[in-house]
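Here is the structure we will look at.
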Amino acid sequence: MSTPVLELTEVTFRRDGNPIIDGISLTVRTGEHWALLGPNGAGKSTLLGFCGALTHPTGGTVRILGEQLGRVELQKLRRSIGHVNPRHPLRSPLTVREVVLTGLTGTIDIPMRWTPRRAEISAATDALETVGMATKAERTWPTLSQGERGRTLIARALITAPRLLLLDEPTTGLDVAAREQLLHTVDTLDRTLPDLASVLVTHHLEELPTSTSHALLIAGGRTVAAGTADQTITTANISAAFDHPVRVDRQGGRWSARSPLTLPVA
């Protein structure tokens, strides 16, 4: 069995006395690609914060890359975690290459008096090559489409050669074509970076890449189901999590969901 990259054990989180996460456990191993699924307000973003060493649980244990939160220097740990957030708050007209380089500094903009070394520029080029953006390295951020921005942010996350990649609703705001291009990019990582583990957050089954191997389905801060994608992403489990009858189908490695209810004809 492959090495655990991420281990959450009975984690809980309370805000103002209210339970947001209630006893969730998760183990992600090398090369596995997990989907974190659930309705709005289920606790997905809170759970992803634990995975990225951004927040600590109220109770339970979080181990990332063998290190336990609360007993490790966070900045060093975070450099081994790639984080893709489509709400990236960049306002400056950085080039695509410069945006990727900020993944090395852990900043939104290029730090003052910082000049990347030749090896770092080469690493940025390699990351852009991986996501199919190398020919657009000199384009500026404001001129990019939402899909191009998404792929640039994946390259930014990959430049540090992370062992764990977190994708927080990466297709937010994309049209169908851009969504499919980005999901294809995510799928290629399974081949180009076979040891990389990932966790992708969404509440739309159509936004899951074909490389999804496992899934954790939550609702109300609790686990509904967890395991391999085929065993977890089912009509019964999705209907239970979203508290609504939903029929789940899979074709060509991709999932879809729709209500089986027949509406009256006007």
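The values are calculated or read from the model by the stated rules, or taken from the named source; none is laboratory data. Predicted, not measured: the structure shown is a model, and the values here were computed from it. Note: ideal-geometry Cβ built from the backbone for every residue, glycine included; neighbour counts use all protein chains shown.
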Given the criteria among the charged types (D, E, K, R), closer than 25 Å to PRO4 by Cβ and surrounded by fewer than 12 Cβ atoms within 10 Å (Cβ to Cβ), does ARG71 qualify? yes
Taking segment 229-238 and the residues there that are within 11 Å of LEU217 (Cα to Cα) and among the hydroxyl-bearing types (Ser, Thr, Tyr), the one that is surrounded by the fewest Cβ atoms within 10 Å (Cβ to Cβ) would be THR234
Given the criterion assigned by TED's automatic domain parsing to the domain that holds VAL5 and part of a strand (DSSP E or B), identify the matching residue among ALA178, ALA257, ALA241. ALA257
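Considering each of LEU165, LEU216 in turn, give the residue that is more than 30 Å from ILE121 (Cα to Cα), within 14 Å of the chain's Cα centre (by Cα), part of a strand (DSSP E or B) and not acidic (Asp, Glu). Spell out the reasoning first.
On the way: LEU165 fails: more than 30 Å from ILE121 (Cα to Cα).
Unique residue meeting the criteria: LEU216.
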Residue that is surrounded by the most Cβ atoms within 10 Å (Cβ to Cβ) [pool: residues in segment 121-162 that are in a loop (DSSP other than H, G, I, E, B) and either of a type in the set (Gly, Ala, Ser) or free of Cβ contacts under 8 Å to residues at least 24 places away in the same chain (or both)]: ALA137
Among the residues of segment 189-206, what is the count of those that are of a type in the set (D, E, K, R) and in contact with a strand residue (DSSP E or B) (Cβ under 8 Å, 6 or more places away or on another chain)? 2
Inspect segment 196-213 for any residue being surrounded by fewer than 19 Cβ atoms within 10 Å (Cβ to Cβ), in the same structural domain as LEU94 (by TED's automatic domain parsing) and not in a helix (DSSP H, G or I) and give the result as yes or no. no
Can you find a residue in segment 60-72 that is assigned by TED's automatic domain parsing to the domain that holds SER213, of a type in the set (A, V, I, L, M, F, W, C) and in a strand (DSSP E or B)? yes
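Would you point out the residue of segment 96-106, among those that are of a type outside the set (Ser, Thr, Tyr) and in a helix (DSSP H, G or I), that is surrounded by the fewest Cβ atoms within 10 Å (Cβ to Cβ)?
Here is the first cut: in segment 96-106, the residues of a type outside the set (Ser, Thr, Tyr) are 96-101, 103-104, 106.
With the extra rule that they be in a helix (DSSP H, G or I), the set shrinks to 96-101, 103-104.
Numbers: VAL96: 26, ARG97: 21, GLU98: 20, VAL99: 28, VAL100: 29, LEU101: 22, GLY103: 22, LEU104: 17.
Among residues in segment 96-106 that are of a type outside the set (Ser, Thr, Tyr) and in a helix (DSSP H, G or I), the one surrounded by the fewest Cβ atoms within 10 Å (Cβ to Cβ) is LEU104.
Would you check if ALA219 is touching a residue at least 24 places away in the same chain (Cβ under 8 Å), touching a Gly at 6+ places or on another chain (Cβ under 8 Å), farther than 23 Å from LEU6 by Cα and surrounded by fewer than 22 Cβ atoms within 10 Å (Cβ to Cβ)? Lay out the reasoning, then the answer.
Details: touching a residue at least 24 places away in the same chain (Cβ under 8 Å): yes; touching a Gly at 6+ places or on another chain (Cβ under 8 Å): yes; farther than 23 Å from LEU6 by Cα: no; surrounded by fewer than 22 Cβ atoms within 10 Å (Cβ to Cβ): yes.
No, not satisfied.
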Which one is nearest to ALA226 (Cα to Cα) among residues in segment 12-38 that are surrounded by fewer than 15 Cβ atoms within 10 Å (Cβ to Cβ) and in contact (Cβ under 8 Å) with a residue 12 or more places away in the chain? SER25
Of all residues in segment 190-209 being under 14 Å from the mean Cα position of the chain (by Cα) and among the hydroxyl-bearing types (Ser, Thr, Tyr), which is farthest from ILE64 (Cα to Cα)? THR202
If the requirement is being within 12 Å of ILE218 (Cβ to Cβ) and assigned to a loop (DSSP other than H, G, I, E, B), which of these qualifies: PRO93, PRO39, PRO86, PRO57? PRO39
Counting only residues in segment 1-36 that are assigned to a strand (DSSP E or B) and among the small types (Gly, Ala, Ser), the one nearest to LEU208 (Cα to Cα) is identified as ALA35
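Report whether or not ARG118 is out of contact with any strand residue (DSSP E or B) (no Cβ under 8 Å at 6 or more places or on another chain), more than 27 Å from ALA53 (Cβ to Cβ) and not assigned by TED's automatic domain parsing to the domain that holds GLY31. Don't jump to the end; show me each part of the working.
On the way: out of contact with any strand residue (DSSP E or B) (no Cβ under 8 Å at 6 or more places or on another chain): yes; more than 27 Å from ALA53 (Cβ to Cβ): yes; not assigned by TED's automatic domain parsing to the domain that holds GLY31: yes.
Against the criterion (out of contact with any strand residue (DSSP E or B) (no Cβ under 8 Å at 6 or more places or on another chain), more than 27 Å from ALA53 (Cβ to Cβ) and not assigned by TED's automatic domain parsing to the domain that holds GLY31), ARG118 qualifies.
Looking for whichever is over 22 Å from LEU193 (Cα atoms) and either among the charged types (D, E, K, R) or at pLDDT 95 or above (or both) here; the options are ARG117, ARG97, ARG29, ARG79. Which one fits?
Working: ARG97 fails: over 22 Å from LEU193 (Cα atoms); ARG29 fails: over 22 Å from LEU193 (Cα atoms); ARG79 fails: over 22 Å from LEU193 (Cα atoms).
Only one candidate passes the filter, namely ARG117.
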